[in-house]
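Reading through the structure tokens given below for one structure.
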Amino acid sequence: MATRFFNISRTAAVLLGGIAVLAFGCDKGEKNGARGESAAASFAEERALVERFAVLKNAGDAAADDLLGPAPAVPAEPVSEREAERLVAEFYLRHPLEILEVRNEKDQPRFVLRTKGSCESKTLAVRTAAGVDRVQRTAYCPDLVVEVREGKIRALEARLRRD
């Protein structure tokens, strides 16, 4: 069933990409139309990569990890709260979560992975206004915000689901 969902979503992404190409190309100079076509094609390719990752991850295929950026390491020095947020999301992304859905992030070239399962981060030293705290986070069914950079999926943040 998951495979069918992602095949349908891939088709929808390609169709939406085509509609975006038409929208960017209409009543604009050829130069602007070509740029819009390139951006829409790139976004469709990125979405296809993220959906492929979801299918492989849900199947328990180790090849899913090949689509991710480098695995995060625990830094020796304390990190900022923002960097800790990114690292926590990277740790979660590598847990055996089931990906229920891939959504486009509003108005941004990013994706939200709706997940099922529990996960935890490694312990991090985080700089705060009060000093340095040691933090280890756990989550149940987090939404993971990811982007594609240089052909690899990279986690940006983990969100608590609010529905």
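Comparing Tyr92, Pro78, Thr115 along the charge dipole axis of region 76-117, the residue lying farthest to the positive side is Thr115, per the Cβ-charge model. Based on Cα contacts under 8 Å between residues 6+ apart, region 59-163 shows a relative contact order of 29 percent. In this structure, the amide hydrogen of Leu68, modeled 1.01 Å from its nitrogen in the peptide plane, lies closer than 5 angstrom to those of Ile153, counting only residues at least 5 positions away or on a different chain. For region 91-108, the Karplus equation 6.51 cos²θ - 1.76 cosθ + 1.60, evaluated at θ = phi - 60°, returns couplings of 5, 4, 4, 8, 7, x, 8, 8, 9, 7, 7, 10, 10, 7, 6, 4, 6, 9 Hz by residue, with Gly and Pro reported as x.
When Rg and Dmax are taken over the Cα atoms of region 40-104, they come to 13.8, 40 Å. Modelled spin labels at Thr123 and Ser38, positioned 7 Å past Cα toward Cβ, are 4.9 nm from each other.
The listed residues Ser38, Ser121 rank as Ser38, Ser121 when sorted by accessible area, largest first, using a 1.4 Å probe. Potential lengthening of the chain between Arg159 and Arg134 amounts to 7.0 nm, from the contour at 0.36 nm per residue minus the alpha-carbon distance.
The values are calculated or read from the model by the stated rules, or taken from the named source; none is laboratory data. Small disclaimer: the values here were computed from a predicted structure and weren't measured. Cβ: placed from backbone, ideal geometry, glycine included. Neighbour counts: every protein chain shown. We work out accessible area using only protein heavy atoms, side chains counted, and drop any ligands, DNA or RNA first. Shrake-Rupley method; radii C 1.70, N 1.55, O 1.52, S 1.80 Å.
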